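Below: the structure, in structure tokens.
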Amino acid sequence: MFKIKITYINFILAFVLSLSSCVTRAQVKSSDIKTINGKKYYIHKVEKGQSLYAIAKTYNMDVNAILAENDDAIDGIKNGQELKIPFESALTKSVTAIDTNKYIYHRVLKGETIYSITKKYGIDEKKLASYNPTLTNGLKEGEFVIVGEKRKVGTMKPIETLTATINPNIPINYTTYIVQQGETMYGLTKKFNVTQDDILKWNPEAKDGIKQGQVLKLALNKSANEPTVVSTTTVATTQVKDTIVFNPNKKTKYEIGLFLPFKLAESEMLNIDDLARAKVPFPITQSLALDFYFGFKTAVDSLIANDFDVKINLYDMEDRDSAKIETICKSADFKKLDVIFGPLYLSGFKIVSNYAKASGIPVVSPVIQQNKILYQNKLVSKVSPSVYSMIEDLSRYCSDSLMATSNIMVVNSTPKDLSYIKAFKNEYNANLSKHGKILKDSIVTVKGIAGVKAAFVPNKKNVVVLLTNNQVYLQDFITQLYSFSDKKDIVLMGFSSVSNIDNLDQEYLNKLSFHFADANHLDYSQPLTVQLAKHYQEFYFSNPSDYYFQGYDIAMYYLSNLKTQGPALFLNLDKTPWQGVGTYFKFFRPDAETGFENRGISIYKYSDYKLQKLGWK
């Protein structure tokens, strides 16, 4: 079967996570002893039912000492896994009564503080200290600290009860409205059937008045005249093709198609004992798909009401199986869908969106960056900005905010990155006229670290723009730039992926005040982010991936606005901005026949070992 019922997915989730732990067996030290990088280890092969605590006790070893040598054991151990147990210090270590089957751990990163950890996991310092008495001696990089307890599996409860406690002044269900030229507070109260006190309660920043372009939060739960960001009364039946009609009329129940690579047939072949262990219920593709679904479903549960119902039809879709995709798209059930989310990959998405266009069905791409999926299909929208849109925003930030005080140089890195460099320079030069500059004031192109040194200007901020994803080149260049930057004012700019390079010291990015453009960033200082993370941890016993938060944001944005505007939303996305937990939605389209690209891009920079969101868009 191609279509999977919600109850089946929920059954799999509940079954996988509720498998009981096996009884710990008696165990002895391993006789397999090896020297690795000059250090002597026992090589312990985990047997069915063994816990990390029991293994530590066998070797008279601190659990943290084992975790420090085995990064992949932090989220639990599994049958057959090999652990490196330090040999020489084994007899001198004391046993710590902790267990990864009971607790959630965090590995301390360079520069992290107790305060930043408490904010990330939503616990207070006193609770953190009760889990980790040795914290009075300070944090050490690489150390594992307990940040919470693993709880029994619960049911998937709606998140609305959590969001309601965060800020009682802001309604659970709200939309955003952009103030138009000449509008007044009084006019908005009449337009949306709300009081001035309501608007000020939801938007305290409006106490000094409103201005053109300001984004206001407005409740969606007014009975008589709900606030509508755009009028749907004048939206006539819209032609997608000459013979195909898109119906914008509001309904009380919608059929949603969610196309994700669950690969359930493959999952059913996995070892059931492996599934029982923490963080290995599914291989990575299935795990991310389930995270996205869990976040999506969490949002849906909070939106359903008497006048708004959503039926999710899940499709287990592998991108390479075009025959299966075609069969699904030709089915009667497919043609009944009101909106489609996915597939996640390009080739499958193109097939689905073509069939959806013929039936007048809006399609949303959660992760694809290429803009070509938008051409000649006004009912397609993509949440992830293209790499060129992010380059252009980074370039505009340089020309608008840094040009007057900075020496800006672009590094000519590798041949395949020339198109990125060209896009950056074209956008930068296009902005020069706004400042009364001519092209001779443009940026400098340099070759490698030697070029940076030659073009460096003392007593001025020197901005080095490095637009490449070549990790070998990046690591070598940034290491050399860091060495050169001693007592110099140098700023590095590039792609967000730079911060994910495994062997790159985060100290380098902090010292170079690394800047990048991105549309997705989670802020764990925000209460809703913490609440959602806890909701996930209670169910999965582990930390959520970004796909969980993306699924939540995407469902909240599209479905909350679908609830108030009806399907006409999909023709007016550029008039409906919204800030999610991690994603800012600000859509753009170049013409009436092209779909919508999200350009809700912000500039971030490393500062004091944390990411700071700059007040520029």
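The values are calculated or read from the model by the stated rules, or taken from the named source; none is laboratory data. Bear in mind the structure is a predicted one, so any value in this text is a computation, not a measurement. Reconstructed Cβ throughout: ideal geometry from the backbone, glycine too, with neighbour counts over all protein chains shown. Heavy atoms of the whole protein, side chains included, go into the accessibility calculation; ligands, DNA and RNA do not. Shrake-Rupley method; radii C 1.70, N 1.55, O 1.52, S 1.80 Å.
Couple of notes before you dig in:
- Segment 518-617 - percent relative contact order, Cα under 8 Å, separation 6 or more: 25 percent
- Sites D208 and A430 - FRET efficiency at Förster radius 51 Å, r taken between beta-carbons, to 0.05: 0.90
- Rounded to the nearest 20 debye, the dipole size of segment 499-565 about its Cα centre is 300 debye, using +1 on the Cβ of Lys and Arg and -1 on the Cβ of Asp and Glu.
- Note on I325: accessible area is roughly 0 Å² with a 1.4 Å probe, heavy atoms of protein only.
- Lys, Arg +1 and Asp, Glu -1 on Cβ, resulting dipole of segment 299-376 about Cα centre, debye, nearest 20: 420 debye
- Computed over segment 427-547, relative contact order equals 18 percent, with contacts defined as Cα pairs under 8 Å that lie 6+ residues apart.
- Over 19 Å between alpha carbons, listed pairs K461/K511; K425/K605; K78/K120: K425/K605; K78/K120
- With DNA, RNA and ligands ignored, accessible area of D124 (1.4 Å probe; Å², nearest 10): 90 Å²
- Pairs over the 28 Å Cα-Cα cut-off, from the set K251/K357; K39/K126; K191/K563: K39/K126.
- Pairs from the list K190/K250; K119/K211; K201/K336; K297/K575 with a Cα-Cα gap above 29 Å: K119/K211; K201/K336.
- One chain, two ends: L418 and I304. Fully extended at 0.36 nm per residue, the span grows by 36.2 nm beyond their Cα-Cα distance.
- FRET efficiency for S496 and K29, using Cβ-Cβ distance with R0 set to 35 Å, rounded to 0.05: 0.15
- Distant-in-sequence amide contacts of D309, defined by a placed amide H-H separation under 5 Å and a gap of 5 or more residues or a different chain, comprise K253, Y254.
- Summarising the amide proton neighbourhood of G148: residues at separation of 5 or more, or on other chains, whose placed amide H is nearer than 5 Å comprise I104.
- Dividing the mean sequence gap of close Cα pairs (under 8 Å, 6+ apart) by how many residues segment 316-421 holds gives a relative contact order of 18 percent.
- Rounded to the nearest Hz, the phi-derived 3J(HN,Hα) couplings of segment 196-204 under the Karplus curve 6.51 cos²θ - 1.76 cosθ + 1.60 (θ = phi - 60°) are 5, 4, 4, 4, 5, 5, 7, 9, x, where x marks glycine and proline.
- 3J(HN,Hα) from dihedral phi, segment 598-607, Karplus parametrisation 6.51/-1.76/1.60, rounded to Hz, x for glycine, proline: 6, 10, x, 9, 10, 9, 10, 9, 6, 8
- V363 long-range amide H proximity, modeled H, under 5 Å: I340, V380, S381
- Around the Cα centre of segment 279-433, unit charges on the Cβ atoms of Lys, Arg, Asp and Glu (plus for the first two, minus for the last two) sum to a dipole of about 440 debye.
- If the chain linking A129 and E141 were pulled fully straight, counting 0.36 nm for each residue of separation and taking away their Cα-Cα distance, it would gain 2.6 nm.
- Rounded to the nearest Hz, the phi-derived 3J(HN,Hα) couplings of segment 422-427 under the Karplus curve 6.51 cos²θ - 1.76 cosθ + 1.60 (θ = phi - 60°) are 4, 4, 4, 5, 4, 5, where x marks glycine and proline.
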